[in-house]
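Trainee: Please find one structure pasted underneath; my questions will follow.
The values are calculated or read from the model by the stated rules, or taken from the named source; none is laboratory data. Computed from a predicted structure; not experimentally measured. Cβ coordinates were reconstructed from backbone atoms using ideal geometry, including for glycine residues, and neighbour counts include every protein chain displayed.
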Amino acid sequence: MKKLYFLFCLSVVLACVSVASAQKKNFAIEELVSPRLRPTAIWDLTWRAKTDFVTYTDNATGNLMLRNAQNGQESILIKSGELDNQLPQGVSSLSKGVYFVQWQNDQSLVFSHDNRLFEYNTNAKKLKQIAFSPENAANHDQSSAQHWAFTVDENLWVCPQNATEPIAITQDGNRDLVYGQSVHRNEFGIVKGTFWSPDGQKLAFYRMDQKMVTDYPLTSYSTVPAQNAPTKYPMAGQASHHVTVGVWNTANKQTVYLKTEGPSDQYLTNISWSADNKSVFIAVLNRDQNAMQLNQYDAATGNFIKTLFEEKNERYVEPEHGLLFLPNNPNQFIWQSERDGFNHLYLYQIDGTLVKQLTKGAWLVNEILGFDVKGEELFYTSSQVSPLEKHAYSLNLKTNKTTQLTAESGTHDVQLSHSGKYLIDNYSSRQKPRCIQLVDIVKKKTTTTVLDAPNPLEAYDVPSIEFLKLKAEDNTDLYCRMLKPTNFEQGKKYPVMFYVYGGPHAQMNTETWLGGADMFMLYMAQQGYVVFTLDNRGSANRGFDFESIIHRQLGEVEKKDQLKGIDFLKQQTFVDASRIGVFGWSFGGFMTTNLLLNYPDVFKAGVAGGSVMDWSMYEIMYGERYMDRPEQNPAGYAQNNLVKAASKLKKRLLLIHGLQDDVVLPQHTDAFINECIKNGVLVDFFPYPNHAHNVRGAERAHLWKKIFRFFEDFVKPL
């Protein structure tokens with residue numbers, strides 16, 4: 001009887017497990033773009049200036065919250081809509097909350113709303129408008145003195161604090177001459193075009209003359225008839241734009257231009273101010289990108305002062321970070337460089353004398369977080385634990401003692417308090433959607449958890465996500481991610497979606513939520529596919545040698561490494577090696593086409609989106625860094641010119657391209673299709689007329705449907 005009772009109980013348990021499993025549901029493809037499937041986040045989480053309090057906007061109420069890092073106590077600082085009665089006439093309500101808060105001091109915060117800049121004193125509970133801009137203004141940049149810079153079309157303006165009218169810093173801007181905007185195609189860490197001095201009284205800005213750059217014809221299809229919408233696009237080997245740097249002074253309302261002598265097509269990068277507001281530093285990079293000079297200029301006269309030091313490399317030099325001056329020593333700064341093979345920190349005197357290398361090892365520094373109040377402890381994040389993870393550290397500048405500050409496995413995005421005693425630790429891992437904690441550095445403990453996000457996919461049948469390491473031909477570790485189909489059955493063979501990117505400055509596999517996989521990958525696993533991704537040599541966060549081995553031969557090393565993933569899959573008993581489809585976008589589209597052309601016996605079909613097909617038609621800054629100019633490396637450009645190899649296409653290939661793409665021009669796909677036509681080769685093509693380099697927003701679900709149906713039609717069938 002006991003045995004029968006046990007078996008009965010066991011059957012009940014198994015039935016319950018079966019029912020629980022059955023209750024888990026699959027995604028509808030339209031759901032994949034839904035925000036509710038993303039982990040809960042907190043907006044505008046930041047430190048209140050010179051305090052150990054954090055503020056953030058509550059998503060549900062719109063209230064601006066205040067939390068004490070010492071004891072975790074929380075209170076409401078500004079109720080949603082509380083400031084509406086102090087807003088000028090005609091300004092929309094703040095009922096949804098105050099966002100993009102910047103603290104000026106421990107009692108005054110600044111935020112923008114309806115193209116106006118406001119200051120709110122939390123003690124006096126007074127709100128005042130301190131600057132404004134036209135509705136069509138863009139690229140807003142606030143100074144520490146609360147002056148507001150912005151652009152209108154291609155001109156630069158400044159609205160000084162409490163001014164009645166903005167000031168036009170430039171007036172001759174047009175499509176050929178652009179002021180105050182990002183330059184050099186956003187390479188070299190450039191994300192904006194204006195740079196305020198520490199005291200907020202001087203504004204350095206980019207001036208970009210691009211009349212010599214190719215005017216590439218794009219067409220807008222949003223009107224009838226369609227309209228010409230050309231873009232400036234400097235292709236490899238062609239004429240590049242000319243950049244200079246101006247400095248505008250709020251006191252005398254005058255502009256001087258820095259005398260950055262040298263070839264007109266050199267790159268002016270990493271603009272930084274000295275701590276005393278008197279000098280501007282620029283990392284000047286030659287067009288060949290193999291020699292950089294860190295130069296100092298007089299902000300008042302524009303005169304060149306000196307070159308602090310140079311960096312050279314036969315492959316390339318890629319400065320991406322400006323100078324960071326020590327808070328209590330304006331004559332010393334920290335410089336980031338890959339000169340020893342990994343991005344590390346170096347301490348310099350302002351005259352260019354190297355004091356010492358601060359960090360060293362076969363790992364890289366991700367970013368600098370700041371200093372403690374005394375300026376003795378430096379805080380940063382690095383990949384020291386694993387290339388898949390990111391952790392926070394402190395470094396004593398005198399003793400060089402390093403302390404790891406974050407412990408949980410995962411990727412930690414960290415903000416340091418003014419005192420250097422507390423951290424905002426926002427982290428995730430494969431199993432952890434998001435956790436935000438306030439951490440006491442001194443006591444080495446969490447003081448409070450601000451958010452422990454629930455699993456947004458709890459109701460869904462989510463596939464297993466595995467990390468593994470393979471070896472490249474030079475014995476280098478290659479990190480991979482594999483998703484097995486849900487309801488996986490031993491003895492059954494499954495088709496594969498082999499997802500590939502493979503290009504520089506990107507890493508697909510990370511110890512973050514879902515391991516870096518996107519929702520479409522989870523969907524494909526639910527539909528019965530093994531989903532596999534490998535980070536080949538050339539991808540990010542592995543050091544200069546790993547990343548730069550692709551120099552002058554884009555596509556060669558990468559495809560060899562990707563085949564290591566194929567070899568692994570073929571050894572798995574659950575993989576049907578005759579049903580492997582490849583999919584990628586941008587550089588991944590290039591890799592997809594490259595793999596399909598060169599290994600037709602490996603892949604059954606492929607989908608390539610926004611693909612580079614001929615590197616001579618790609619932009620100068622990125623293209624020439626990795627390939628040199630076409631005339632310098634004709635063999636390299638010819639080696640992986642996919643247009644010329646189109647006749648080799650043997651398997652089904654779907655090409656997708658946004659017709660507004662100003663990153664990888666539609667001409668890449670057009671040229672490949674034309675070559676297919678010439679050679680009698682059939683190829684599939686689907687355009688997105690109103691999208692640029694990717695398909696964003698709700699229409700992304702349409703893209704997923706298109707790719708899924710293609711895999712169902714041409715990869716999955718036995």
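Trainee: Out of everything in segment 358-369 that is part of a strand (DSSP E or B) and of a type outside the set (A, V, I, L, M, F, W, C), what residue ends up being surrounded by the fewest Cβ atoms within 10 Å (Cβ to Cβ)?
Mentor: Here the residue is 367.
Trainee: Can you list residue pairs whose Cβ atoms sit under 8 Å apart, with the first residue in segment 375-401 being closer than 14 Å to residue 364 by Cα and the second being among the basic types (Lys, Arg)? Count only pairs 6 or more apart in sequence or on different chains.
Mentor: Note: pairs meeting the criteria are 381/390; 382/390; 383/390; 387/542.
Trainee: I've got another one for you. Looking at residue 569, is it more than 20 Å from residue 480 (Cβ to Cβ), touching a residue at least 24 places away in the same chain (Cβ under 8 Å) and either in contact with a Phe, Trp or Tyr (Cβ under 7 Å, 6 or more places away or on another chain) or in a helix (DSSP H, G or I) (or both)?
Mentor: Spelling it out, it is not the case that residue 569 is more than 20 Å from residue 480 (Cβ to Cβ), touching a residue at least 24 places away in the same chain (Cβ under 8 Å) and either in contact with a Phe, Trp or Tyr (Cβ under 7 Å, 6 or more places away or on another chain) or in a helix (DSSP H, G or I) (or both).
Trainee: Continuing with this model, one more query. Being under 23 Å from residue 55 (Cβ atoms) and out of contact with any helix residue (DSSP H, G or I) (no Cβ under 6 Å at 6 or more places or on another chain) is the filter here; which residues of segment 424-440 pass it?
Mentor: Correct list: 424, 425, 426, 427, 434, 435, 436, 437, 438, 439, 440.
Trainee: Another one. Right, residue 591: surrounded by 21 or more Cβ atoms within 10 Å (Cβ to Cβ) and assigned to a helix (DSSP H, G or I) or not?
Mentor: Here the answer is yes, as residue 591 does meet what is asked.
Trainee: Continuing with the same structure: What's the number of the only condition in (1) in contact with a Phe, Trp or Tyr (Cβ under 9 Å, 6 or more places away or on another chain); (2) at pLDDT 95 or above; (3) not in a strand (DSSP E or B) that residue 145 fails to meet?
Mentor: (2)
Trainee: (1) farther than 29 Å from residue 238 by Cα; (2) surrounded by 15 or more Cβ atoms within 10 Å (Cβ to Cβ); (3) out of contact with any Asp or Glu (no Cβ under 9 Å at 6 or more places or on another chain); (4) not polar (S, T, N, Q): which one isn't true of residue 355, the others all being true?
Mentor: Failed condition: (2).
Trainee: Working only within segment 453-499, note down all residues that are aromatic (Phe, Trp, Tyr) and closer than 27 Å to residue 542 by Cα.
Mentor: Correct list: 467, 479, 498, 499.
Trainee: Still on this structure: From the list 334, 305, 350, which one is within 29 Å of the chain's Cα centre (by Cα), β-branched (Val, Ile, Thr) and under 24 Å from residue 198 (Cα atoms)?
Mentor: Step by step, each of 334, 305, 350 is checked, and only 334 is within 29 Å of the chain's Cα centre (by Cα), β-branched (Val, Ile, Thr) and under 24 Å from residue 198 (Cα atoms).
Trainee: Is it the case that some residue within segment 25-48 is in contact with a His (Cβ under 8 Å, 6 or more places away or on another chain), modelled with pLDDT under 95 and under 30 Å from residue 100 (Cβ atoms)?
Mentor: No: zero hits.
Trainee: Shifting gears a bit: Please determine, by comparing only the residues of segment 633-677 that are without any contact (Cβ under 8 Å) to a residue 12 or more places away in the chain and farther than 30 Å from residue 699 by Cβ, which one is surrounded by the fewest Cβ atoms within 10 Å (Cβ to Cβ).
Mentor: Filtering segment 633-677 for residues that are without any contact (Cβ under 8 Å) to a residue 12 or more places away in the chain and farther than 30 Å from residue 699 by Cβ, the one surrounded by the fewest Cβ atoms within 10 Å (Cβ to Cβ) comes out as 635.
Trainee: Any idea which of 198, 134, 166 is surrounded by fewer than 18 Cβ atoms within 10 Å (Cβ to Cβ) and over 30 Å from residue 343 (Cβ atoms)?
Mentor: 134
Trainee: Also: Out of 314, 320, report the one residue that is surrounded by fewer than 21 Cβ atoms within 10 Å (Cβ to Cβ), under 24 Å from the mean Cα position of the chain (by Cα) and either of a type outside the set (Ser, Thr, Tyr) or closer than 30 Å to residue 237 by Cβ (or both).
Mentor: Criteria check complete, one pass: 320.
Trainee: Out of the residues in segment 465-487 that are modelled with pLDDT of 95 or more and assigned to a loop (DSSP other than H, G, I, E, B), state the one that is surrounded by the fewest Cβ atoms within 10 Å (Cβ to Cβ).
Mentor: It comes out as 475.
Trainee: To continue, here is another question. In the list 172, 209, 153, which residue meets the criterion of being loosely packed, with under 14 Cβ neighbours inside 10 Å and closer than 20 Å to residue 258 by Cα?
Mentor: 172
Trainee: Just the residues that are without any contact (Cβ under 8 Å) to a residue 12 or more places away in the chain and either part of a strand (DSSP E or B) or more than 30 Å from residue 481 (Cβ to Cβ) (or both), please, taken from segment 403-443.
Mentor: Passing the criteria: 403, 443.
Trainee: I'm trying to understand the selection: among the residues of segment 519-547, which are closer than 24 Å to residue 427 by Cα and either without any contact (Cβ under 8 Å) to a residue 40 or more places away in the chain or in contact with a strand residue (DSSP E or B) (Cβ under 6 Å, 6 or more places away or on another chain) (or both)?
Mentor: 521, 533, 534, 535, 539, 540
Trainee: A further question follows. I'm trying to understand the selection: among the residues of segment 665-715, which are in contact with a Lys or Arg (Cβ under 6 Å, 6 or more places away or on another chain) and part of a loop (DSSP other than H, G, I, E, B)?
Mentor: 715 - this is the single residue of segment 665-715 that is in contact with a Lys or Arg (Cβ under 6 Å, 6 or more places away or on another chain) and part of a loop (DSSP other than H, G, I, E, B).
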